[in-house]
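Written below as structure tokens is the structure these notes are about.
Just so it is clear, none of the values below were taken in a lab; they were calculated from the coordinates. From a predicted model like this one, the values you see are computed outputs, not experimental measurements. Don't worry about glycine lacking a Cβ; one is built from the backbone with ideal geometry, like all the others, and counts go over all protein chains shown.
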Amino acid sequence: MGGFTFVQQGSSSINPVVSTLNTVYIYGGTVRSGVSTPRVRGGSVQFNANSSGQGEATDNTVYIRGGTIEANVYGGWLESSSSLLNVLLEAAGNTVYIEGGIISGGAINPGIYGGSVQFNADDGQGRATENTVYLRGGAISSPHAGLNTNVYGGRVHVGGASSISISNVEATNNTVNIEGGKISHGAAIDLELGTSNIYGGFVSNGTGAGNAIHGMHSITDNTLNVRSDYLPLATGLPVRTVRNFDFMNFYLPDNIVPGDIMLTSSVNPANPADPAFRSRVFYFTKVDLKLLSGSLANIFTEGDKI
């Protein structure tokens, strides 16, 4: 863990409460925890009961370059406990680099989060903005059959307890960069994403009965960049879900030709009316294609498709 700030019961006399400019490096070994949700965190803020004010986890960085990580990885992490008094929690400008090692998640779904905000109590506002994840090497792979791997640029989540109500949440302007490595359940090749959910921004109200998010609910202006010499162009980059990106940029290898496939969803598109399919459809405002070197005009002519 990098920096950690804990606000004890009662209102905070410091406003905002900040965890910033922390850096965590992991080069090897095994990271394991006895708690139910193990975490590696660059910067952390946690509000306990009957607290108020503002919490910020900003400009923190985590580098994973080796080892086995039996935990989720967070650039910036904030969490509330019970009986809050109008708390604003913000994870902004945090970065996670996965450059080696194995992220297994232990007993839970492996997850990589640029910035994460979680509410376990009423009366709060949450923002996860301008966070970045780089996937450059290593593997993110669940050791458990049926569990999916998850990558989030920014996430705001209402916890599993019931009847939690918050307002005005944002997961905006986050970026996920895929530049190498393996991401899947039992991945065998670079950039294998077949069972992975890739989210630019993510907002959810958990599984508790009566949980609700009111007011502004924004998941916009998130970006996915795919930059690699190793795209499997015959089959496309296999993914389970790509969601909540307004912008998508492919930086293509120079051996691409018309007809090559860029992305392939593992969900059967035979029935687009099926809600299970709709939740995995790719929605983008802008898709941009560039070569790592050279010009697309030398490869494609008008009417070509990929």
Among Ile256, Ile64, which comes first, second and so on when ranked by fewest other beta-carbon atoms within 10 Å? Ile256, Ile64
Additional length obtainable on full extension of the chain from Thr30 to Leu147, 0.36 nm per residue less Cα span: 40.0 nm
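Can you give the net charge of the other residues whose Cβ lies under 12 Å from the Cβ of Val203, counting K and R as +1 and D and E as -1? Walk me through the numbers before you get to the answer.
Values: positive: Arg127, Arg155, Arg243; negative: Glu170.
Computed value for this residue: +2.
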Fewest first, what order do Val257, Val176, Val40 take by the number of other Cβ atoms within 10 Å? Val257, Val40, Val176
Could you list Ser116, Ser196, Ser141, Ser81 in order of exposure, starting from the residue whose Cβ has the fewest other Cβ atoms within 10 Å? Ser81, Ser141, Ser196, Ser116
Hey, rough spin-label estimate for Leu289 and Asn168, points 7 angstrom out along Cα→Cβ, what's it come to in nanometres? 4.3
